[in-house]
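Below is one structure; the comments refer to it alone.
The values are calculated or read from the model by the stated rules, or taken from the named source; none is laboratory data. Note that the coordinates shown come from a computational prediction; the quantities given were computed from them, not determined experimentally. So basically every Cβ, Gly included, is an ideal-geometry build from the backbone, and we count neighbours across all protein chains shown. Accessible surface areas use protein heavy atoms only, side chains included; no ligands, DNA or RNA. Shrake-Rupley method; radii C 1.70, N 1.55, O 1.52, S 1.80 Å.
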Amino acid sequence: MLVPRSSGVLLHPTSLPGRYGIGDLGQWSYNFVDWLESAYQTLWQILPLGPTSYGDSPYQTLSAFAGNPYLISFDKLIADGWLAPEDLADLPPFPTDHVDYGWIFTYHKYKLTLAYQNFAKKASPAQQQQFTEWCAENKDWLDDYALFMSLKDEHDGRPWVEWEADVALRDPQALVDALNRHKENIEDYKFRQWQFALQWSALKKYANDKGIKLIGDVPIFIAHDSSDVWANRDLFYLDEVGNPTVVAGVPPDYFSATGQYWGNPLYKWEEMAKDGYSWWIRRFKAVQTQVDIIRIDHFRGFEAYWEIPTNEERTAVNGQWVKGPDIPFFRVIEAALGALPIIAEDLGVITPGVEAMRDGLGLPGMKVLQFAWGNLPEANLFLPHHHIENSVVYTGTHDNNTTLGWWHSDKETNEHIRRHVELYVNQEVTEANWTLMRIAQASVSHMAVVPMQDVLSLDTDARMNTPNVPAGNWMWRMSEGDFGNQAARDGLRDLTLLYGRAHGTRFIEYLHDHPMI
């Protein structure tokens, strides 16, 4: 996937400012697109957009197809007439520097239901028809999702394996009864998805019209407590009541003596192949409507994945590598949808087989600069002199500390690593984030992506996620004042210009503004 040299920023929409407790698809998301344009950025990378649940992780969502309803802009609902300003007169004093998920879920859910009730009363025949047509176009996932969510409400949010057996295991008559019992709630959940789709589509068009492409994220594995597993039990390794018999994770390594026990159910790949991987084709097709470039999280799992027997200790010690569907899977997807613009997240335990799969498909991998230092310079492929054009370079990812946090953390780095960086750039490093951002921009990798926290020179407190730590993640938010940080914007813009990731006559202007270079 060779593209022109380009540069972008990693920022999930939940991290945007705003007064409703969580970043949303309202004016601040458009302001961010404008900010990207002013910094000559042409890529906006986000995390998965699905509806989050316990733990708040966008990588463990209630659906692989649905959007997160808490990203829906209340201001846009007011503009469309589905809420009135006075409906939000009871807005709580939500924190502005982080997301308090428990607090916002309760408030947002109530207001979204009110918006649906107003739509049901006030919508014109044409608006009702638009909603009906959208539901029909998306019924292959929407119907199951809306019923699943309604049943979760009925069961106080408990996982589907804890419901009565008839609805948990989808007895036909039990499903008919549930549909009749939850008619209004089901329409409410469908309405939320429609509004999300409308608002996201408008934002994507705005970004695309300004020359900015969206990079989305598709985790290879999905959550057990999801409408997808509930509605497609035959595609996963589950026991007779629906619990996983084997789950996903990664083996023990230098960082964890017991490995990582993710708990996601594993696919029956042979079963999926029988109908030409139709579930995956639908999934990729849905993602194509949301983003321009698809990053596949844990790409190596398509070559081989770590299979762990379900265990109460939740350790990955007794797992085994199992062969995945590999290149033939992607050839089936290509035959159905054409060549997809995919980034392969090739981090972790990467074998020659994984590299052969990535290179055989011609996909760019990832080069994370925080992983580059302290090893033999001929062995570490994250070092800039080993980068290749068909790759994407990052200072760090959503799972990394911020670069300043990493630089100052004795747990993550040390004098040996810091000295290596300084020898590499031939100077003392006083602003590690800008040093790594400069290295990223100078790389031959055709795309460079930097977390917004690095652009803003933020420390560990702004970290998005710490793997294996169950709480306190996914909460960081920008402030409104961050948009006025001219030094950050100009610094990123200048590096983008200097290293040929912005095009046209802009570089001449840059030389005019920097006569000493």
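Observations, loosely collected:
- Looking across segment 220-252, the residues that are among the small types (G, A, S) and over 12 Å from R170 (Cα atoms) come down to A223, S226, A248, G249.
- G249 vs. criteria open to solvent by less than 20 Å² (accessible area, probe 1.4 Å), in a loop (DSSP other than H, G, I, E, B), under 30 Å from G157 (Cα atoms) and not aliphatic (A, V, I, L, M): no
- Selection of segment 375-386 for residues being surrounded by 14 or more Cβ atoms within 10 Å (Cβ to Cβ) and outside any loop (DSSP other than H, G, I, E, B) yields P384, H386.
- Test: residue in segment 8-25 that is more than 14 Å from the chain's Cα centre (by Cα), open to solvent by 20 Å² or more (accessible area, probe 1.4 Å) and among the aromatic types (F, W, Y): no
- Restricted to helices (runs of 4 or more DSSP H) entirely inside segment 129-227, those with at least 3 residues that are open to solvent by 30 Å² or more (accessible area, probe 1.4 Å) are 139-154, 172-181, 183-209.
- Counted residues, segment 342-374 - those being over 17 Å from V250 (Cβ atoms), loosely packed, with under 14 Cβ neighbours inside 10 Å and in contact with a helix residue (DSSP H, G or I) (Cβ under 9 Å, 6 or more places away or on another chain): 2
- Filter pass, R331 being touching a Phe, Trp or Tyr at 6+ places or on another chain (Cβ under 7 Å), open to solvent by 20 Å² or more (accessible area, probe 1.4 Å) and of a type in the set (K, R): no
- K285 vs. criteria free of Cβ contacts under 8 Å to residues at least 24 places away in the same chain and surrounded by fewer than 18 Cβ atoms within 10 Å (Cβ to Cβ): no
- Close contacts from segment 318-337, counting a first residue that is closer than 18 Å to T245 by Cα and a second that is surrounded by 14 or more Cβ atoms within 10 Å (Cβ to Cβ) and of a type in the set (D, E, K, R), with Cβ to Cβ under 9 Å and a gap of 6+ residues or different chains, come to G319/E307; Q320/E307; W321/E307; V322/E307; K323/E303; G324/R300; G324/E303.
- Where a residue in segment 410-437 is under 20 Å from V455 (Cα atoms) and its partner, wherever it lies, is open to solvent by 80 Å² or more (accessible area, probe 1.4 Å) and in a helix (DSSP H, G or I), with Cβ under 9 Å and at least six apart: V425/R438; A432/H408
- The residue of segment 271-282 that is nearest to D209 (Cα to Cα), among those that are outside any helix (DSSP H, G or I) and without any contact (Cβ under 8 Å) to a residue 40 or more places away in the chain, is D275.
- Checklist (1) of a type outside the set (V, I, T); (2) in contact with a Leu (Cβ under 8 Å, 6 or more places away or on another chain); (3) surrounded by 15 or more Cβ atoms within 10 Å (Cβ to Cβ) applied to E389, failing item: (3)
- Scanning segment 71-90 for residues that are out of contact with any Phe, Trp or Tyr (no Cβ under 7 Å at 6 or more places or on another chain) and either farther than 30 Å from V218 by Cα or open to solvent by 20 Å² or more (accessible area, probe 1.4 Å) (or both) yields D75, K76, I78, A79, D80, G81, A84, P85, E86, D87, A89, D90.
- Taken over segment 105-128, the criterion of being hydroxyl-bearing (S, T, Y) and not in a helix (DSSP H, G or I) is satisfied by S124 alone.
- Search result, residues across segment 26-63 that are open to solvent by 10 Å² or more (accessible area, probe 1.4 Å), touching a Pro at 6+ places or on another chain (Cβ under 8 Å) and among the hydroxyl-bearing types (S, T, Y): T52, Y59, T61
Table: residues versus (1) within 16 Å of the chain's Cα centre (by Cα); (2) of a type in the set (K, R); (3) under 27 Å from H387 (Cβ atoms).
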| residue | (1), (2), (3) |
| --- | --- |
| Q441 | no, no, yes |
| S445 | no, no, yes |
| P451 | yes, no, yes |
| S457 | no, no, yes |
| M464 | yes, no, yes |
| A471 | no, no, no |
| M478 | no, no, no |
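- For beta carbons closer than 8 Å, sequence separation of 6+ or different chains, a first residue in segment 159-179 that is more than 22 Å from S53 (Cβ to Cβ) and polar (S, T, N, Q) and a second that is part of a helix (DSSP H, G or I) and open to solvent by 10 Å² or more (accessible area, probe 1.4 Å), the qualifying pairs are Q173/D166.
- Consider segment 466-486 and keep the residues that are open to solvent by less than 50 Å² (accessible area, probe 1.4 Å) and in contact with a Gly (Cβ under 9 Å, 6 or more places away or on another chain). The one that is modelled with the lowest pLDDT is T466.
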